[in-house]
Amino acid sequence: MGTVTPMMQQYLDIKEKYNDCILFFRLGDFYEMFFKDAETASRELEITLTGRDCGLEERAPMCGLPFHAAESYIARLINKGYKVAICEQVEDVSEAKGIVKRDVIRVVTPGTIIDSSMLDERKNNYLLSIYKNKNCFGIAAVDITTGEFLATSINWGNTVQKILDEIAKYSPSEIITNSELYEDEVIIGNIRKRLNSYITSFDDAYFSDAKAIEKLKSRFDNYDKQFDGYDFSLNSSGALLEYIEQTQKVSLAHIQSISRYKIEEFMILDVSTRRNLELTETMREKSKKGTLLWALDKTMTSMGGRTIRKWIEQPLINVADINERLSSVNELKEKFMHRVEMRELLKRVYDIERLMGKVILGNVNCRDLVSLKNSLGQLPHIKNLLNDLTSDLIVRNNEQIDGLVDIFELIEGSIMDDPPIAVKEGGIIKSGYNEDVDRYRKATTEGKTWIAALETSEREKTGIKNLKVGFNKVFGYFIEVTKSYYSLVPETFIRKQTLANCERYITQELKEIEDTILGAEEKVVELEYKLFLGIKEKIAGEIDRIKKTAASIAELDVICSFAEVADREAYCMPVVDTDEQIEIIEGRHPVVEKMMDQGAFVQNDVNLDMTDDRLAIITGPNMAGKSTYMRQVALIVLMAQIGSFIPAKSAKIGVVDRIFTRVGASDDLSAGQSTFMVEMAEMANILINATNKSLLILDEVGRGTSTFDGLSIAWAVIEYICDKEKLGSRTLFATHYHELTGLEGKISGIKNYCISVMEKGEDIIFLRKIIRGGADDSYGIQVARLAGVPQAVLGRAKEILKDLEDADINKREAKIRKKQIPIDGQMNLFSIKAPNKSSDEVIDELKSIDISALTPLDALNVIYKLQQKLKNDS
């Protein structure tokens, strides 16, 4: 067996350290991949697989791509679930002895992407670190493009559900975990099923108390102030810092602090609720259009776009904070001209957060610095405009905005207004910023004038009319003479090159000019790059001031957006307090109304409290608007708690701690779960985790199974929710079980509502209006007619329906007794008037039944059997 070449040995040594990555190995102007990496890259990127002699008996499989086009190929590999290690030359070729040194300068993973072309500018790209210790968790999240770093711990309650909900809030592109969590198939399976996140296990040593705390102390000077108590978020935070340092291999100065929080400080939204309410992406197309974010996002900056998404993802529960936001929105809504001017200024602000991320991470160019300068140039105008506003949140943000005049002047005085993208080829530093740059430039400029003068002079001296002075990188400057003038070439010309139609010469004078020009050009390019690095370092040193300013600009952008939407869509300012009432007058669905013609959406009221109106049972046909109405209520409450105005005439919102939704049905076939199983799992989650401060949106509970089973479950769920000692949540409950409408007046806190419908012959017209009382019919056949079901099927359906209604025990007003001790006013089984009271057999059987031993389902079956017996006797 042969010995590999020195270059290939260098490759293998580096590859061994990055075995889990595809290694991009820089050779000249190409990144090359070898062996298995080459085979993988060739297949995934659809590039040609070749081979290279490497000293072994067989050629090494190889493929390559141009270094200047690497980012697009890296993006494709990342999207396919690979990590990429970028290996570059780390010493000057001219100074190298033997093989030039190479090393990995960065590892690109889904959570550490810094190239803006690979990122959604209006969405954070979160990398999560999760530490599991038995039933407790620590979680840390970072967006390395902005420097945002967050951490929390989960130590009590249903911790598994809480961690899944918290992960869903971040929707991370990558997750690292300790081995205990990575080996937990249930949790990891749930994450993989719900999110498209890249999940890897990271060395447990970095999650240990000692290593994590050591890392945090070395990273943050104010460690003791930031971490005033121990919890598992320290373990996840320390490991996360280690991971990004290992992958980025540069200073992370823009990560200046860790924002620790408790999940109970915000409204908790589980995965199902986020999906069902379509907060930031639609259920089917996974797009922004058709979501609450789409309806509310009129932000002018990328920073504002990311902030409004965060506000929607985690609504507030602190009434003072909510009302502070509402007051600021109200002020900008009322002051139209201030809002218009503010939005116009914000339009000229680039993504300051990510521009600073580029400065720190080292991939910033001069055009980025010009964008930063242009953004900072708007700050004095923004501050002047804000001086006229008085709401607390706006005043506080104005105070936090630093004019950053020094940074603006630094860039304005140093960087060209329209610089090239490359920073190592010169032409980036303004004249007047540095004397040496000016002197070298003058030499290059005058040198070119000397060249032109020399060309004219030599033509006159020699009489060679087409003599010209040219340049190439091999020979430098030269005098070119065509064949027809060879006889006129003087002896002072020194021949350098002979071509087919001409010859090239140099002279002593030309050589001296060349040395002056080329020396100056090389020196000015080198000096400009050095000055650029110094300017970059000065800007990086002001990261704290710039980050705080960017955060305030982002918040102001969101407030302006809320005010703009409120004004444009005729939203009202809700009254938000700690009372228990949710009262909405003429409410509208914020998304659906935007999809319809103006004024076409039917407005509806809602009233929920903790006394007589705890639970609203809503009946009506399919397609009538029950689900839209219930989602509308949930969205209005959520909008109020993020500090937005709401689509209604007026509203009073008693703060809720959680919103739960059980809407729609879908089989989870990949997990082997039916529609009914999924529904019951969601229902169990709600009943276990809801509190009396929660808002429940329940749509057709129990419909995934048989009629009696479904009715029994729905009935029992209502009883449980209405019981203040067990739950007592404010609830909207849509159902097709009309029997449940009989619970009003029998169980405290229940009110019946229905969607009004107008019959027109055999057709129906949906009026979309919520009115008091229960629906008389489900109008299933009429809805089928609207859907285009053939007439023959509809006719037969009517016949079958009549037969079923004649035999249906439910049409006889049967009442079911609870298994446990009856609630005062409980529906009474013996209120039924039997069709044949003379039947002693039926009466005797009724007397012999042990009511306390019957379940609701058993009771229904007994009643059905007795009814059939009476029918047969009559």
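Of note:
- Above 23 Å, the calculated P(r) of the stretch 227-330 contains 51 percent of its Cα-Cα pairs.
- Size descriptors for the stretch 112-254 (Cα atoms only): Rg and Dmax, in that order, 14.5, 42 Å.
- Heavy-atom surface of the stretch 293-371, accessible at 1.4 Å and reported per residue (Å²): 34
- Taking the DSSP beta bridges with both ends in the chain, the antiparallel portion is around 60 percent.
- Taking amide hydrogens as placed 1.01 Å from N in the peptide plane, the amide H of residue 429 sits under 5 Å from those of 416, each at least 5 positions away in sequence or on another chain.
- Diffusion coefficient, µm² s⁻¹, Stokes-Einstein with Kirkwood Rh over alpha-carbon pairs of the stretch 1-158 at 4 °C and 1.567 mPa s: 72
- Relative contact order for the chain, counting Cα pairs under 8 Å that sit 6 or more residues apart, in percent: 9
- The Cα atoms of the stretch 558-601 give a gyration tensor whose axes a ≥ b ≥ c have a/c of 1.5 or more with a/b no greater than b/c, which makes the shape oblate.
- Within the assembled protein chains, the solvent-accessible surface assigned to residue 311 is about 20 Å², based on a 1.4 Å probe.
- Each of 793, 498, 241 was placed along the dipole of the chain (beta-carbon charges, centred on the mean Cα), and the one lying farthest toward the positive end is 793.
- Mean Cα-pair separation over length for the stretch 87-186, i.e. relative contact order, pairs under 8 Å, 6 or more apart, %: 25
- The stretch 1-46 - Debye-derived log10 I(q)/I(0), Cα point model, q = 0.14, 0.25, 0.27 Å⁻¹: -0.35, -1.00, -1.10
- The amide H of residue 102, built 1.01 Å from its N in the peptide plane, has 90 as neighbours under 5 Å, considering only residues 5 or more places off or on other chains.
- Alpha-carbon centroids, the stretch 416-459 and the stretch 328-400: separation in whole Å: 37
- Coarse-grained scattering of the stretch 426-547 at q = 0.11, 0.12, 0.16, 0.23 Å⁻¹, given as base-10 log I(q)/I(0) from a Debye sum over alpha-carbon atoms: -0.51, -0.57, -0.80, -1.23
- Highest mean first, the peptides 433-443, 184-194, 493-503 sorted by other C-beta atoms within 10 Å per residue fall in the order 433-443, 184-194, 493-503.
- Projected-area mean, the chain, by convex hull of Cα positions, square nanometres: 53.5
- 17 Å tail of the calculated P(r), the stretch 144-200, as % of Cα pairs: 40
- Distances between placed amide hydrogens fall under 5 Å for residue 402 paired with 549, all partners being 5 or more residues away or on another chain.
- Overall dimensions of the stretch 372-425 as given by Cα atoms, namely Rg and Dmax in Å: 15.1, 50
- Among 581-588, 693-700, 416-423, the order from most to least packed when residues are scored by Cβ within 10 Å on average: 693-700, 581-588, 416-423
- Gyration tensor over alpha-carbon atoms, the stretch 693-732, equivalent ellipsoid semi-axes in Å: 21, 11, 5
- Within the shell defined by Cβ-Cβ distances under 15 Å, the residues around residue 483 carry a net charge of +2, with Lys and Arg each +1 and Asp and Glu each -1.
- Along its principal axes, the stretch 595-653 has C-alpha extents of 35, 31, 17 angstrom, given from the largest down.
- Helix-only mean residue ellipticity at 222 nm for the chain, each DSSP H run of n ≥ 4 adding -39500 (n - 2.57), per residue, nearest 500: -13500 deg cm²/dmol
- The stretch 1-129, accessible area per residue, ligands and nucleic acids excluded (1.4 Å, Å²): 51
- Membrane-span-like helices of the chain, defined as complete DSSP H segments with a Cα extent of 27 Å or more along the helix axis and a mean Kyte hydropathy of at least 0.0, are identified as 543-569.
- Solvent-accessible area of the chain (1.4 angstrom probe, protein heavy atoms only): carbon and sulfur portion equals 49 percent.
- Accessible area of residue 122 in the full protein assembly, 1.4 Å probe (Å², nearest 10): 60
- For the stretch 678-692 versus the stretch 100-156, the gap between their alpha-carbon centres in whole angstrom: 31
- For the stretch 541-658, taking the reciprocal of the average inverse distance between every pair of different Cα atoms yields a Kirkwood hydrodynamic radius of 16.0 Å.
- P(r) weight above 15 Å for the stretch 307-389, C-alpha pairs, percent: 69
- Each peptide in 293-304, 510-521 receives the mean, over its residues, of other Cβ atoms within 10 Å, and ordering these scores from highest gives 293-304, 510-521.
The values are calculated or read from the model by the stated rules, or taken from the named source; none is laboratory data. Here the structure is a predicted model, which means the values were calculated and not measured. Here Cβ is always computed from backbone atoms with ideal geometry, including for glycine, and neighbour counts include all displayed protein chains. Keep in mind that these areas ignore ligands, DNA and RNA; they rest on the heavy atoms of the full protein, side chains included. Shrake-Rupley method; radii C 1.70, N 1.55, O 1.52, S 1.80 Å.
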